[in-house]
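Okay, so here's the structure we're looking at.
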Amino acid sequence: MSFSWTPHRFAGGALALDVANSVILRHQPERRTDRFADPAQIESFADAAQSFCAERALFGDILSVPKERQSRFLALREAIDCYFRARVQGVEANHLLADLLEAIAHNLRQSTATTLDAATAHSALRLLSADQVERLKICGNCGWLFIDRSKNRSRQWCDMAVCGNRVKASRHYHRSKEKTA
């Protein structure tokens, strides 16, 4: 299936979150789509991250993950999602933190500084050590993780232009439909 990485796909605010968000509709098993199921998408994601990722200035040119390390990279993605999602939901996450730290360590030991797996591990470490972790939210429409950088921390959607508009359009449709019924 043909797919292109657009700026919306990098709405998480950190590379680690953008990687975790590569699973579309994660919370709906019947509609869930893993964009990294095709290994070629990992390579194209690395290319797109250089243009669209919020942390692109930190990582510079990002190379794709070599095929022999892709399974460990995907394990890192899942550990990132599990830990930060649990954090946002207020769930006790010490065991998930241990899993995340193990996945980070393994990816850093096996990779070079310029590959997507290393950059993702560094991004996750930055999230763990920064105040940004307190600003993490889950999009009310698509379920993606994102950093709420709004002044009053009131952002509800990963991307207003996509998810926010969809929710508002749906509300408008249902209100107008009720009026005519």
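See the values below:
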item: Per-residue SASA entry for residue 95, accessible area with 1.4 Å probe, Å² rounded to 10; result: 110
item: Rounded to 10°, Cα long-axis angle of helix 39-52 versus longest principal axis of the chain; result: 80
item: FRET efficiency estimate (nearest 0.05) - Cβ-Cβ, residue 126 to residue 152, R0 25 angstrom; result: 0.60
item: Accessible surface of residue 74 - all protein chains present, 1.4 Å probe, nearest 10 Å²; result: 50
item: C-alpha long axis of helix 94-110 to longest principal axis of the chain, angle in °; result: 50
item: Probe 1.4 Å, accessible area per residue of segment 1-138, Å²; result: 49
item: Whole-number percent relative contact order across segment 38-167, with pairs defined as alpha carbons under 8 Å at least 6 apart; result: 18
item: Computed accessible area, residue 101, all protein chains, 1.4 angstrom probe, square angstrom; result: 80
item: Pairwise label distance in nanometres, residue 92 with residue 38, each label 7 Å out on the Cα-Cβ vector; result: 4.3
item: Carbon/sulfur fraction of accessible area - segment 14-59, other protein chains in place, 1.4 Å, %; result: 48
item: Accessible-area composition of segment 73-170, carbon plus sulfur, in percent [1.4 Å probe]; result: 52
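The values are calculated or read from the model by the stated rules, or taken from the named source; none is laboratory data. As the structure is a prediction and not an experimental result, all values here were calculated from the model. Heads up, the Cβs are rebuilt from the backbone with ideal geometry, glycines too, and the neighbour counts pull from every protein chain shown. Accessible surface areas use protein heavy atoms only, side chains included; no ligands, DNA or RNA. Shrake-Rupley method; radii C 1.70, N 1.55, O 1.52, S 1.80 Å.
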